[in-house]
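Notes for the one structure printed next.
The values are calculated or read from the model by the stated rules, or taken from the named source; none is laboratory data. Nothing here was measured: the structure is a model prediction, and the numbers come from that model. Cβ atoms come from the backbone with ideal geometry, glycine included; neighbour counts cover every protein chain shown.
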């Protein structure tokens, strides 16, 4: 049974999982177009990170980072590659959006890759009500990036 909880930033399994995430996306775009947070970035003030576990196994992560008051960014969304297609990403996304809504956040945005590698992620976000948008926060236009946003109730 999938359990989602606040991530333990000192858990070595989390450090490995996030390192694997960075390694997975490294070949997809030039370094200047990669915006995933490493473990230190996820320790920044205001960042909220959750991990999904199936029994003792870490199978996914998702984070929210502040952009401006009422606007947060979805970060570090990853499901274990061996478990993709099993609803982990959707459960994590719904958890993060519910948390943001409960705290009065009115908009959640994200940046992901524009390449085929990221097509399943973009499809998941679109199915959850995210729409394409212009770059937000400190992002600049980049052909390697796709930007999406969703208003919250």
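For residues that are closer than 16 Å to residue 96 by Cβ and in contact with a helix residue (DSSP H, G or I) (Cβ under 8 Å, 6 or more places away or on another chain), scanning just region 1-17, find the one that is surrounded by the most Cβ atoms within 10 Å (Cβ to Cβ). Outline the logic, then answer.
From region 1-17, those closer than 16 Å to residue 96 by Cβ are 2-7; that's our starting set.
With in contact with a helix residue (DSSP H, G or I) (Cβ under 8 Å, 6 or more places away or on another chain) added as a condition, the list becomes 2, 4, 7.
Details: 2: 16, 4: 19, 7: 23.
My answer is 7.
When residues in region 64-95 are screened for being closer than 20 Å to residue 133 by Cα, surrounded by 15 or more Cβ atoms within 10 Å (Cβ to Cβ) and modelled with pLDDT of 95 or more, 10 of them pass.
Residue pairs whose Cβ atoms lie under 9 Å apart, separated by 6 or more positions or on different chains, with the first residue in region 93-110 and more than 13 Å from residue 50 (Cα to Cα) and the second loosely packed, with under 13 Cβ neighbours inside 10 Å and modelled with pLDDT under 95, are 101/153; 106/153. Residue count for region 26-63 satisfying the condition of being surrounded by fewer than 18 Cβ atoms within 10 Å (Cβ to Cβ), under 30 Å from residue 102 (Cβ atoms) and touching a residue at least 60 places away in the same chain (Cβ under 8 Å): 0. Once region 132-143 is narrowed to residues that are surrounded by fewer than 17 Cβ atoms within 10 Å (Cβ to Cβ) and touching a helix residue (DSSP H, G or I) at 6+ places or on another chain (Cβ under 9 Å), the residue that is modelled with the highest pLDDT is 132.
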